[in-house]
Amino acid sequence: MSTPRYVVLGHPIEHSLSPQIHRAFAQQLNIDLNYDKIDVAPEDFAAFWHDGEGRDLAGANVTFPLKQLAFELVDETDQEALEAGAVNTIVRRDDMLIGHNTDGVGLLTDLLKNLQLPVNGQRLLLIGAGGAARGVLGPLLREGPAELVIANRTLSKAEALFERFRGKAPMCISALDQLGSAGEFDGIINATSLGYSTDGDDSSSDAEVTLPECVLKNTSWCYDLNYGKAALPFLDWASHAGCAKVHDGLGMLVEQAAESFRYWHGRSPQTGEIIAQFR
Ligand code: NAP
């Protein structure tokens, strides 16, 4: 019997670290793994699964900009995917495609377990209202922050996100350019893609963070869902503004991958050594 095949799908996909991360997990746990990456344009996504290579896959990770399409494609979802309206992990079970969203678990495991940053009882600022913000908001609210403010460049998208999660915890919204009057935050999470340029490069020379420094106090922490060069604009802003606890999203990337791996293979890798290896 041939080794079951797994892939990560996205558009673009060449910069994805997922194949290396999953191979490192497989090596650690002595599992024979067939995992690679495939670029699939949004307009080809459904046909890929119904008539193309997708028919032979045991599972897939799905990344930008395909997570909402994956949600529409699958036959069943778990609670996290349903809440987010987005799927980043597909598992084939018999003839069914099951959709999961592991972004929230990935972020919370990195914040709470790896970095020991508090969320419960804290006043949080979530910047961004795209697919990643949707994936992490429910799990963040379940940790019981004192208040969570969603700020986004396009205010209507922050409003839509607020409505989707209304009533789950104290929450309000703000335009990005109104944060000067929003007060101080214990933790700030950047879930925007502002560090990416549109040409597929992983850093943007004109990316600029223009947040007011008064949102920070001397004990605040800052976390960017991005990693590598794409995280620099936000993390540099935070460091220059005096924040001592700044973290990129590499830990979240590895932790969300570990949760996908567990769905597929029924075993959990030790993530600490893999994060250190990729750092
Ligand atoms: P998305 O759906 O395209 O949303 C992009 C978000 O970024 C929107 O809120 C958008 O605001 C905002 N934005 C883009 N350019 C901006 C700029 N110049 N200034 C201010 N805001 C800007 O993307 P996504 O799926 O949410 O992903 C967001 C980021 O998270 C990506 O860079 C992705 O790589 C990262 N991510 C990391 C992990 C991980 O495991 N570490 C997991 C998931 C995602 P508007 O609404 O105004 O356009």
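Details
- Where a residue in the stretch 80-101 is over 18 Å from Leu253 (Cα atoms) and its partner, wherever it lies, is surrounded by fewer than 19 Cβ atoms within 10 Å (Cβ to Cβ) and polar (S, T, N, Q), with Cβ under 9 Å and at least six apart: Gly85/Gln68
- Of all the numbered requirements in (1) away from the ligand (no atom under 14 Å from the Cβ); (2) in a helix (DSSP H, G or I), Pro118 misses one, and that requirement is (2).
- Applying the condition of being over 12 Å from Val105 (Cβ atoms) and within 13 Å of the chain's Cα centre (by Cα) to the stretch 74-88 and asking which residue is surrounded by the most Cβ atoms within 10 Å (Cβ to Cβ) yields Val87.
This table checks each residue for (1) among the small types (Gly, Ala, Ser); (2) farther than 23 Å from Leu250 by Cα.
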site	(1), (2)
Pro4	no, yes
Gly10	yes, no
Ser16	yes, no
His22	no, no
Phe25	no, no
Glu43	no, yes
Ala46	yes, yes
Gly52	yes, yes
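- Looking across the stretch 239-249 at every residue that is more than 10 Å from the ligand (Cβ to nearest atom) and under 20 Å from the mean Cα position of the chain (by Cα), the one that is nearest to Thr109 (Cα to Cα) is identified as His247.
- Among the residues of the stretch 133-183, those identified as in a helix (DSSP H, G or I), among the hydrophobic types (A, V, I, L, M, F, W, C) and touching a strand residue (DSSP E or B) at 6+ places or on another chain (Cβ under 9 Å) are Ala133, Val136, Leu137, Leu140, Leu141, Leu155, Ala158, Leu161, Phe162, Phe165, Leu176, Leu179.
- Test result for Cys222, away from the ligand (no atom under 11 Å from the Cβ) and either β-branched (Val, Ile, Thr) or in contact with a Cys (Cβ under 8 Å, 6 or more places away or on another chain) (or both): yes
- Among the residues of this structure, Leu111 counts as one that is in contact (Cβ under 8 Å) with a residue 60 or more places away in the chain and within 13 Å of the ligand (Cβ to nearest atom).
- Residue pairs meeting the criteria (Cβ under 9 Å; at least 6 apart or on separate chains; first over 13 Å from Leu115 (Cβ atoms), in the stretch 238-249; second of a type in the set (Phe, Trp, Tyr) and part of a helix (DSSP H, G or I)): Cys243/Trp237
- Filter result (more than 19 Å from Thr154 (Cα to Cα) and at pLDDT 75 or above) within the stretch 191-220: Glu213, Cys214, Val215, Leu216, Lys217, Asn218, Thr219, Ser220
- Residues that are within 13 Å of the ligand (Cβ to nearest atom) and buried (at least 21 other Cβ atoms within 10 Å of the Cβ) within the stretch 122-138 comprise Leu126, Ile127, Gly128, Ala129, Gly131, Ala132, Ala133, Arg134, Gly135, Val136, Leu137, listed in sequence order.
- Check on Tyr227, farther than 30 Å from Asn30 by Cα, within 8 Å of the ligand (Cβ to nearest atom), aromatic (Phe, Trp, Tyr) and without any contact (Cβ under 8 Å) to a residue 40 or more places away in the chain: no
- Number of the exception - Gly99 against (1) surrounded by fewer than 24 Cβ atoms within 10 Å (Cβ to Cβ); (2) within 16 Å of the chain's Cα centre (by Cα): (1)
- Filter result for the condition that a residue is closer than 22 Å to Gly130 by Cβ, within 9 Å of the ligand (Cβ to nearest atom), without any contact (Cβ under 8 Å) to a residue 60 or more places away in the chain and of a type in the set (Val, Ile, Thr), over Val209, Val254: Val209
- Checking each residue in the stretch 144-170 for being away from the ligand (no atom under 16 Å from the Cβ) and either under 17 Å from the mean Cα position of the chain (by Cα) or buried (at least 21 other Cβ atoms within 10 Å of the Cβ) (or both) picks out only Pro145.
- Pairing each residue of the stretch 6-18 that is over 23 Å from Thr271 (Cα atoms) with any residue that is among the hydrophobic types (A, V, I, L, M, F, W, C) and at pLDDT below 95, provided the two are 6+ apart or on different chains, yields C-beta distances under 6 Å for Gly10/Phe64.
The values are calculated or read from the model by the stated rules, or taken from the named source; none is laboratory data. Please read these numbers as outputs of a predicted model, since none were measured by experiment. Positions of Cβ are backbone-derived with ideal geometry, glycine not excepted, and every protein chain shown enters the neighbour counts.
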